[in-house]
Amino acid sequence: TFEGALLVKHALTRLEARARPWMQGQAWGAEGAELVACRQAADVLMLDKERLVGEAAADWRRHICPALTAAQLSRLVAAFRPTEAAPDAVPAPVLAALEAQALAATVTPSVGDAASSAEQAWHQAEDWALVRLHEK
């Protein structure tokens, strides 16, 4: 929920502030990566989910949640529940597109540039999800 994400972000900020004197400029290591992923997950839960799909999605994800995989995003958004603070449910086309992208991301490209193939897979997954949604 939106409120849960807000609590997570607040708790992470407090944890980082309390740990700073003991860290003395040292890197967090693996724990730091987990904290980053938690903060990014909270950001996703607090922001407009429709930004996760569409033409500008790759750029938006690169800035908001680069540590999260397509599968993690799909599960995270599917688990989102509307509340008073964020009353809008995640639109079905967004859920379908994220699910399709998570599936497409598990396929390893056999030929060509991996980055180009991955981007093509994202777009194909979105197209597939929209077609699937309209068939219902």
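So which of L73, L95 ends up being under 27 Å from G32 (Cα atoms) and among the hydrophobic types (A, V, I, L, M, F, W, C)?
L73
Condition first: closer than 17 Å to V8 by Cα and of a type in the set (D, E, K, R). Can you find one or more residues in the range 44-63 that meet it?
No: zero hits.
Going through the range 31-49 one residue at a time, which ones are at pLDDT 90 or above and among the acidic types (D, E)?
Scanning the range 31-49 gives a single hit, D43.
Taking the range 1-30 on its own, how many of its residues are part of a helix (DSSP H, G or I) and at pLDDT 80 or above?
Within the range 1-30, residues that are part of a helix (DSSP H, G or I) and at pLDDT 80 or above number 15.
Out of the range 38-50, which residues are surrounded by fewer than 16 Cβ atoms within 10 Å (Cβ to Cβ) and touching a residue at least 12 places away in the same chain (Cβ under 8 Å)?
E50
Considering only the range 76-90, state which residues are closer than 13 Å to E50 by Cβ and either without any contact (Cβ under 8 Å) to a residue 12 or more places away in the chain or open to solvent by 40 Å² or more (accessible area, probe 1.4 Å) (or both).
Within the range 76-90, D88, A89 qualify.
Give me a count of the residues in the range 49-80 that are more than 11 Å from the chain's Cα centre (by Cα) and part of a loop (DSSP other than H, G, I, E, B).
Residues that pass the stated criteria total 4.
The values are calculated or read from the model by the stated rules, or taken from the named source; none is laboratory data. Everything quoted here is computed from the prediction, not taken from an experiment. Glycine gets a Cβ as well: all are built from the backbone with ideal geometry, and neighbour counts include every protein chain shown. Calculation scope for accessible area: heavy atoms of the full protein, side chains included, ligands and nucleic acids excluded. Shrake-Rupley method; radii C 1.70, N 1.55, O 1.52, S 1.80 Å.
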